[in-house]
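J.: Here's a structure for you.
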Amino acid sequence: MPTLDRRTFLAASAAGFAARALPAVAATPYAFRHGAFDVTVVSDGHLVLPTTFLAPDAPLPERDAILKAAGQTGEQYNSPTNITLIRTSSDLILIDMGSGDRFMPTAGKLWDNLKAAGIDKAKVTKVVFTHGHPDHLWGTVDELDDLVIPDAAFYVASAEWDFWTGENATRGLPAERAGCVTGARRNYTAIKDRVKMIKAGDEIVSGLRIIDTPGHTQGHVSIELAGADGLIVGGDALIDPVIYFRHPEWYYTGDHMPDQAAATRRKLLDRLAADRSKLIGFHLPYPGVGTVERKDSAYRFVASA
Ligand SMILES: [Zn+2]
């Protein structure tokens, strides 16, 4: 997370509070059937981020025109956080665990929203993490650093685990970014006796497979569900509904490896458009479910709901 840190996030949040009233939390889960799976998207709330995070390397007039057309004209924008829950005949599988209570006041609503929907979090049997950023991982523990779902099995890409627990996570790290590493290690420590390392191609349950989508972070993965034309839970590979569909090559400030992230976006968009697969995007407008259309060298996200 090169220039993202908790302090920046919190400052942005405070400015966001001052600038406008909070939108209502999307409390009603969005559910649909996909092949052998019952898929439900539950909101963890949203992040409030500086708009300058989006495509800082792009020609400004072009970037601003796209944002303006999309209605994003403020200095901050709200980034939804959509958690995917997958029910099979034998398992209840959560993809990421949200922000928890130590990241941003607008996020960390997953447990309340699950409860409101009548879903018992204690019934979750497996948790698969796309990557180790705060909004995906920090909900793993409660305020006492105890596991929120102590009986689940946890799955983390080995490349992601190695990055956050290794020396490269802190090498040359500006002091204000240390919180991301500390937080990742705090949550990883809590699951270390229950975690299973995964890599691309691994099947978590029949029809649910891990695919490599590196760049946003070193070990970022997505989840592919068999059935119909396919479905990909894409984590943060496609983080904005307009900018990165129009210009996959533009950078995102939160990407650890910007060139790799751009290459991953291009590959994923090609595949989604060709296969007409469904996409669930963690930060796309709630519930973040849709398909991808290709037009010349650009793409378009077509929301299903
Ligand atoms: Zn994220």
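The values are calculated or read from the model by the stated rules, or taken from the named source; none is laboratory data. None of these values were measured; they are calculated from a predicted model. Backbone-built Cβ (ideal geometry, glycine too); neighbour counts: all protein chains shown. Side chains are part of the model used for accessible areas, which takes the heavy atoms of the whole protein and leaves out ligands, DNA and RNA. Shrake-Rupley method; radii C 1.70, N 1.55, O 1.52, S 1.80 Å.
J.: Going through region 71-99 one residue at a time, which ones are hydroxyl-bearing (Ser, Thr, Tyr) and within 13 Å of residue 204 (Cα to Cα)?
T.: We begin by selecting, within region 71-99, every residue hydroxyl-bearing (Ser, Thr, Tyr); these are 73, 77, 79, 81, 84, 88-90, 99.
Selection gives 88, 90.
J.: What about residue 223, is it more than 16 Å from the ligand (Cβ to nearest atom), of a type in the set (A, V, I, L, M) and not in a loop (DSSP other than H, G, I, E, B)?
T.: Details: more than 16 Å from the ligand (Cβ to nearest atom): no; of a type in the set (A, V, I, L, M): yes; not in a loop (DSSP other than H, G, I, E, B): yes.
Here the answer is no, as residue 223 does not meet what is asked.
J.: Given the conditions (1) out of contact with any Gly (no Cβ under 7 Å at 6 or more places or on another chain); (2) under 22 Å from residue 210 (Cβ atoms); (3) not aliphatic (A, V, I, L, M), which single one is not true for residue 138?
T.: (1)
J.: So, one more: Can you pull out every residue in region 124-133 that is in contact with a strand residue (DSSP E or B) (Cβ under 9 Å, 6 or more places away or on another chain) and either aliphatic (A, V, I, L, M) or crowded, with 24+ Cβ neighbours inside 10 Å (or both)?
T.: Taking region 124-133 as the starting set, the residues that turn out to be in contact with a strand residue (DSSP E or B) (Cβ under 9 Å, 6 or more places away or on another chain) are 124-132.
Matches in region 124-133: 124, 127, 128, 129, 130, 131, 132.
J.: Tell me whether region 77-92 contains one or more residues that are among the charged types (D, E, K, R), buried (at least 23 other Cβ atoms within 10 Å of the Cβ) and either within 22 Å of residue 161 (Cα to Cα) or in contact (Cβ under 8 Å) with a residue 60 or more places away in the chain (or both). Spell out the reasoning first.
T.: Taking region 77-92 and keeping what is among the charged types (D, E, K, R), we get 87, 91.
Filter once more, so that each one left must be buried (at least 23 other Cβ atoms within 10 Å of the Cβ): none.
Checked against the condition, which is being among the charged types (D, E, K, R), buried (at least 23 other Cβ atoms within 10 Å of the Cβ) and either within 22 Å of residue 161 (Cα to Cα) or in contact (Cβ under 8 Å) with a residue 60 or more places away in the chain (or both), region 77-92 yields no hits at all.
J.: Another question, if that's okay. Restricting to region 54-75, count the residues that are more than 16 Å from the ligand (Cβ to nearest atom) and crowded, with 21+ Cβ neighbours inside 10 Å. So that I can check it myself, show each step before the final result.
T.: The initial filter retains those residues of region 54-75 that are more than 16 Å from the ligand (Cβ to nearest atom), namely 55-75.
Subset that is crowded, with 21+ Cβ neighbours inside 10 Å: 55.
Here the count works out to 1.
J.: Scan region 101-123 for residues that are within 16 Å of the ligand (Cβ to nearest atom), open to solvent by 10 Å² or more (accessible area, probe 1.4 Å) and among the small types (Gly, Ala, Ser) and jot them down.
T.: Scanning region 101-123 gives a single hit, 108.
J.: Another one. Output yes when any residue across region 158-175 is within 23 Å of residue 225 (Cβ to Cβ) and not acidic (Asp, Glu), and no when none is.
T.: Residues of region 158-175 that are within 23 Å of residue 225 (Cβ to Cβ), as a first pass: 158-160.
If we keep only those that are not acidic (Asp, Glu) too, we end up with 158-159.
Within region 158-175 (the criterion being within 23 Å of residue 225 (Cβ to Cβ) and not acidic (Asp, Glu)), the answer is yes, since at least one residue qualifies.
J.: Condition check: closer than 26 Å to residue 251 by Cβ and either open to solvent by 70 Å² or more (accessible area, probe 1.4 Å) or modelled with pLDDT under 90 (or both). Does residue 2 satisfy that? Walk me through how you get there before you give the answer.
T.: On the way: closer than 26 Å to residue 251 by Cβ: yes; either open to solvent by 70 Å² or more (accessible area, probe 1.4 Å) or modelled with pLDDT under 90 (or both): yes.
In short, yes.
J.: Filter region 164-180 down to the residues that are at pLDDT below 95 and not small (Gly, Ala, Ser) and list them by number.
T.: If the condition is that a residue be at pLDDT below 95 and not small (Gly, Ala, Ser), then 167, 168, 170, 171, 173, 174, 176, 177, 180 are the ones that fit.
J.: While we're looking at this one, here's another question. Restricting to region 134-181, give me the number of residues that are more than 16 Å from the ligand (Cβ to nearest atom), out of contact with any strand residue (DSSP E or B) (no Cβ under 7 Å at 6 or more places or on another chain) and not aliphatic (A, V, I, L, M).
T.: Residues that pass the stated criteria total 16.
J.: Within region 29-44, can you find the residues that are under 17 Å from residue 283 (Cβ atoms) and open to solvent by 10 Å² or more (accessible area, probe 1.4 Å)?
T.: Within region 29-44, the first condition is being under 17 Å from residue 283 (Cβ atoms), and the residues that meet it are 30, 41-44.
If the condition is that a residue be under 17 Å from residue 283 (Cβ atoms) and open to solvent by 10 Å² or more (accessible area, probe 1.4 Å), then 30 is the only one that fits.
J.: Is it the case that region 280-289 has a residue that's open to solvent by less than 10 Å² (accessible area, probe 1.4 Å) and β-branched (Val, Ile, Thr)?
T.: Yes.
J.: Still on this structure: Hey, can you tell me all the residues within region 213-254 that are open to solvent by 20 Å² or more (accessible area, probe 1.4 Å) and either among the polar types (S, T, N, Q) or touching a residue at least 40 places away in the same chain (Cβ under 8 Å) (or both)? Talk me through it step by step, then tell me what you get.
T.: We begin by selecting, within region 213-254, every residue open to solvent by 20 Å² or more (accessible area, probe 1.4 Å); these are 214, 218, 224, 226-229, 241-242, 246-247, 249, 251, 253.
Correct list: 214, 218, 226, 227, 228, 229, 241, 242, 246, 247, 251, 253.
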